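Here's the structure we're looking at; comments come further down.
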Amino acid sequence: MEYIKKATKSAEENSEGARETVAKLLEEIKTGGESKIRELAKRFDKWEGDFILSPEKQKKLIDSVPESVKKDIQFAYAQISAFAKAQRESIKDFTIKTQPDVVLGQKTIPMEVAGCYVPGGRFAHACSALMSVATAKAAGVPTVIAASPPRGDSIDAAVCYAMTLAGADIILEMGGIQAIATMGFGLFTNKPANILVGPGNAYVAEAKAIMNGLGMCGIDVFAGPTESAVVADHTADPMTVAVDLVSQAEHGLNSPVWLFTTSRELGEKVKELMPKLCKDMPDPIVPQTAWDEYGEIIFCETREEAAKVCDKYAPEHVQVMAEDLPWWTNSLNSYGSLFLGEGSTVAQGDKCSGTNHILPTKKAAYFSGGLNVHKFLKICTYQEIATTNTDISAHASRLSRVEGMEGHARACDWRLTKFFPNQEWDFHVYKHPDYK
């Protein structure tokens, strides 16, 4: 591989400072409770009103959303919820008999409470509200709490409409660390979340990770700065590639965008186009900075090498603009979501194609997919072993002693002697005078 353009900064953001700040504040919230939340909301959100959105205010916000915007949100909701419901149907409860008197089973149990964070800084993330809330509801979560930072005297109206349409049971006008802590500890609602999901800034991401590390709740993924990669060969259109890279660079100053290509000519042309397209954006500093500092173009001799490089980066989003799309689908293994062909772009998945846009970053795609219905489900197992069965207890007894666990062995031995008092065994079965 060869760099046609190399990043000047590492795509792996150093979050050491954020982690220390968040840990300190979470400890203060744990001690100070709701009063500490009020103090932080006043400091960070300039907010002194009620946190739980009232039905009256909710209706007023929804009524202010133009019908055309509602129709677009409804379209996105239909696609996202349909895909989420299909995911739910893909995993089912079942029972099997491994022996005539041994029944084993799987039961999928939805989380009781899900906390869904919806960012609200530079952008109003109405689609993010759909991604988290609608997916939780498709999983069967009975109580979904959604939180978003207020913008002025309320949360964004379109975000409120999206939360409501998706089925949020409680809406919090609250952002940042205080929102994550409120949902995780169950403050103001008395409903601690079993799982916290949704993207956010470095402080939100660290808050989720720390709450998870404390054993308070599960989380979806560690959501760092947005990452996007395009994998392209000689058949790709340089303008399409460049437009898509710029579209993702607008997320933030530290959002990496990468091009892995088997065409040196394509790479050089994209490098030429990027500054021009960034300059044409409404806020050119953001995409230009992201491109200058984090953007890369890597030339690869073969498609096998390009696939290997892409998997090494494990991008949040991967677009493929190349011949033989099935080969790429089968060859790429580490990514958050895959977009195949020139007709597909990350923006479609971010907004309304139906797949979830809450995805792993910072190489977490090595071991995790993105947010999905299964994240809101506990996959639990059960078993019923009849008193007529000897095989399980006999094997378990012997295996327990192999591992040096005498108490485990005796629990099985007791069943063998209790249910089969006249049977002789070809291995040691412990008998105690009081075991009658």
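Read-outs throughout are calculated quantities, based only on the coordinates presented, and are distinct from any laboratory measurement. On a predicted model such as this, the values are computed, not experimentally measured, just so you know. With ideal geometry, Cβ positions are generated from the backbone for all residues, glycine too; neighbour counts draw on all protein chains shown.
Some observations on this one:
- Under a Gaussian network description of the chain, with springs only between Cα atoms under 10 Å, the residue in K378, K97, K42 that fluctuates furthest is K97.
- Taking amide H atoms as placed 1.01 Å from N in the peptide plane, the amide H of T361 lies under 5 Å from those of F222, G224, each 5 or more residues away in sequence or on another chain.
- Extended-chain gain in nm, criterion 0.36 nm per residue less alpha-carbon gap, H395 and V69: 111.0 nm
- Per residue, the average separation of C-alpha pairs within less than 8 Å and at least 6 apart gives the chain a relative contact order of 19 percent.
- GluC sites (Glu not before Pro) within the stretch 363-436: DSSP coil, no more than 11 neighbouring Cβ in 10 Å: E403, E424
- Sum of side-chain charges, A409 neighbourhood, beta-carbon under 13 Å (Lys, Arg +1; Asp, Glu -1): +2
- The calculated FRET efficiency for S10 paired with C380, based on their beta-carbon distance and R0 = 51 Å, is about 0.80.
- Here the translational diffusion coefficient of the stretch 325-368 follows from Stokes-Einstein with Rh set to the Kirkwood radius across Cα pairs; for 4 °C and 1.567 mPa s it amounts to 113 µm²/s.
- Max mean-square fluctuation residue, GNM over the chain, Cα-Cα springs under 10 Å, options Q383, Q348, Q423: Q423
- Dipole magnitude (debye, nearest 20) for the chain, charges at Cβ of Lys, Arg, Asp, Glu: 1240
- Peptides 316-322, 224-230 ordered by average Cβ neighbours within 10 Å, highest first: 316-322, 224-230
- Cross-link pairs exceeding 21 Å between alpha carbons, from the set K6/K208; K24/K363; K5/K276; K60/K85; K107/K191; K276/K363: K6/K208; K24/K363; K60/K85; K107/K191; K276/K363.
- Values of log10 I(q)/I(0), in the order q = 0.17, 0.18 Å⁻¹, for the stretch 303-436 under a Debye, Cα-only, solvent-free model: -0.88, -0.97
- Here the Karplus curve 6.51 cos²θ - 1.76 cosθ + 1.60, taken at θ = phi - 60°, turns the phi angles of the stretch 395-406 into couplings of 5, 5, 4, 5, 5, 4, 6, 4, 8, x, 10, 5 Hz, with x standing for Gly and Pro.
- Among G407, F427, H395 the positive-end extreme of the charge dipole of the stretch 388-436 (Cβ point charges): G407
- Residues E89 and D426, FRET efficiency given R0 of 30 Å [Cβ-Cβ distance, rounded to 0.05]: 0.05
- Each residue of the stretch 382-393 was assigned a 3J(HN,Hα) from its phi angle through the Karplus curve 6.51 cos²θ - 1.76 cosθ + 1.60 (θ = phi - 60°); the sequence is 8, 8, 9, 10, 5, 5, 7, 8, 10, 4, 5, 5 Hz, with glycine and proline shown as x.
- Counting every pair of alpha carbons in the chain, the share spaced more than 41 Å apart comes to 31 percent.
- Net charge over other residues, Cβ less than 10 angstrom from the Cβ of A179 (K, R count +1; D, E count -1): -2
- With the highest mean first, a sort of the peptides 355-362, 245-252 on other beta-carbon atoms found within 10 angstrom per residue produces 355-362, 245-252.
- Computed over the chain, the per-residue total of -39500 (n - 2.57) for DSSP H runs of n ≥ 4 gives a 222 nm mean residue ellipticity of -14000 deg cm²/dmol, rounded to 500.
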